[in-house]
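Before any comments, here is the structure.
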Amino acid sequence: MPKNRVARLKSRPVGLVTRDNFDIESDELPGLEEGQILVKIQFVSLDPAMRGWLAEGKSYVEPVAVGDVMRSYSAGIVEESRHPDFAPGDAVAGMFGVQEYAIIDSRAALRVDTSLAPLERWIGGLGMPGVTAYFGLLDIGNPKEGETLVVSAASGAVGSIVGQIGKLKGLRVVGIAGGPEKCKYIVDELGFDAAVDYKAGNLRAALKEHCPDGVDIYFENVGGEITDTVMNLMNIGGRVPVCGMISVYNATEIPPGLKSIRSVLVNRLRVQGFIVFDFAKRYPEAVKALGEWHASGLLKMREDVRDGGVDAFPDVLNMLYSGENNGKLVLRV
Ligand SMILES: NC(=O)c1ccc[n+]([C@@H]2O[C@H](COP(=O)([O-])OP(=O)(O)OC[C@H]3O[C@@H](n4cnc5c(N)ncnc54)[C@H](OP(=O)(O)O)[C@@H]3O)[C@@H](O)[C@H]2O)c1
């Protein structure tokens, strides 16, 4: 059996994660039991929620326990199998953790087709972030042709798919992103109607200019001041799918509350949080639709693949919170 490089939680972070929060070691791998498969992980998904999984307290999943392998979505190739449904060479994705090899019950592995898309895309646009975008916009956002959609973190894994599905559904789509390059990308490459650079300092005026009929759906990925600014531009009957709040995930004090709550009343907004797991039974529907749009060139996806292996995990994760990633952030292991 090969050695396995693995990241285990050593201590709970305060603020951004550091290398010291993890024990990163090489372990011996045990032999397989009946029904298990050995996966050589190739790509580990970096997701903003990982910071939440490290914190104690009530959340939508149990926190990663100190001493446990860091939880992550990953994709890899089966190297050994003791289950008749899997054979060496099969490509699979699942919650395999931040490590080079995973020995898992075969029921925890999802077979993926690398003839349709590269392996890393199955943990990106065709995986959890794509499915999040699909249900968040279509089920929670309830879009109607001709409406205006604003999405934040618009060039990222979820936001880029939200905006493109919005275009497919006949919406006017305005993305909020950090910096001119990301803004150019979502308009020129992804076909958004307009982009607003929130770092340029004139968010409200720019949104008003690009949303002349107001905002019907705000797909919330970031929280903080951006939320207040967009919420105050919403139309009566608007919807706000609350997908994420990345601006507060590393906060060491409780951040100030929403200043725009009056808009919820005055405009009769429907503000609804959701977690992608809520739609677990319907994942195949989303993957089918995303796959078809992708195959016909209607849905573009890009991954930002970083090298450095398991040892680089804490530093690469932090790129999400500084906005250094350009597309779905993935670590090659
Ligand atoms: N509800 C669910 O089930 C679910 C599932 C998946 C993801 N999510 C949420 O969806 C959101 C996006 O996740 P993702 O995987 O697609 O990440 P991503 O957008 O690919 O990467 C994160 C991006 O967030 C932006 N950002 C970071 N700090 C920010 C801040 N303080 N203010 C404004 N923007 C900031 C950065 O883009 P800029 O350079 O543009 O600032 C960064 O590139 C996250 O909030 C995540 O937690 C929720």
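For helix 313-322, report the angle its Cα long axis makes with the longest principal axis of the Cα atoms of the chain; keep it between 0 and 90° and round to the nearest 10°.
Taking Cα atoms only, the helix is inclined about 0 degrees.
Starting from the Cα of LYS199, draw a straight line to each of the lysines and keep only those under 26 Å, dropping any in the same chain fewer than 8 residues away.
Reachable lysines: LYS167, LYS182, LYS184, LYS208, LYS259, LYS300, LYS328.
Expressed as a fraction of 2.2 N^0.38 Å, the rule-of-thumb size for a compact globular protein of N residues, what is the C-alpha radius of gyration of the chain? Kindly include the intermediate steps, with their values, before the conclusion.
Working: Rg = 20.2 Å, N = 333, 2.2 N^0.38 = 20.0 Å.
With N residues counted in the chain, Rg over 2.2 N^0.38 Å equals 1.01.
Exposed loop GluC sites (Glu not before Pro) only (DSSP loop, at most 14 other Cβ atoms within 10 Å): please give the longest stretch of the chain free of them, not including the sites.
146-252
Ignoring ligands, DNA and RNA, how do ARG111, ARG268 rank by accessible area with a 1.4 Å probe, largest first? Can you show the working numbers first?
On the way: ARG111 120, ARG268 155 Å².
Listed by decreasing accessible area, they come as ARG268, ARG111.
Which value, in debye to the nearest 20, describes the size of the charge dipole of segment 75-136 about its Cα centre when Lys and Arg Cβ atoms bear +1, Asp and Glu Cβ atoms bear -1, and nothing else is charged?
It comes to approximately 200 debye.
Once the convex hull of the C-alpha atoms of segment 128-277 is built, how many Å³ does it hold per residue, rounded to a whole number?
Measuring per residue, one finds 107 Å³ for the Cα hull of segment 128-277.
To the nearest 10 square angstrom, what accessible area does HIS83 show with a 1.4 Å probe?
Using a 1.4 Å probe on the heavy atoms, I get roughly 50 Å².
By how many degrees, between 0 and 90 and to the nearest 10, does the Cα long axis of helix 283-295 differ from the longest principal axis of the chain?
Helix 283-295 and the main axis of the chain meet at about 80 degrees.
On a 0 to 90° scale, report how tilted helix 157-168 is relative to the longest principal axis of the chain, with both axes built from alpha carbons and the result rounded to the nearest 10.
The helix 157-168 is inclined about 50 degrees to the chain.
About its Cα centre, how strong a charge dipole does the chain have in debye, to the nearest 20, once Lys and Arg get +1 and Asp and Glu get -1 at the Cβ?
980 debye
Identify, among GLY166, LEU258, PHE277, the residue whose Cα sits farthest towards the positive end of the charge dipole of segment 128-277, taking +1 on the Cβ of Lys and Arg and -1 on the Cβ of Asp and Glu, with the dipole about the Cα centre.
LEU258
For segment 15-76, taking Cα atoms only, what is the radius of gyration to one decimal and the Dmax to the nearest whole Å?
Values for segment 15-76 (Cα only, Rg and Dmax): 14.0, 42 Å.
May I ask for the equivalent-ellipsoid semi-axes of segment 38-160, computed as the square root of five times each C-alpha gyration tensor eigenvalue and listed largest first in whole Å?
Three semi-axes, in Å: 29, 20, 12.
The values are calculated or read from the model by the stated rules, or taken from the named source; none is laboratory data. None of these values were measured; they are calculated from a predicted model. Glycine gets a Cβ as well: all are built from the backbone with ideal geometry, and neighbour counts include every protein chain shown. Just the protein is used for accessible areas: all its heavy atoms, side chains included, with ligands, DNA and RNA removed. Shrake-Rupley method; radii C 1.70, N 1.55, O 1.52, S 1.80 Å.
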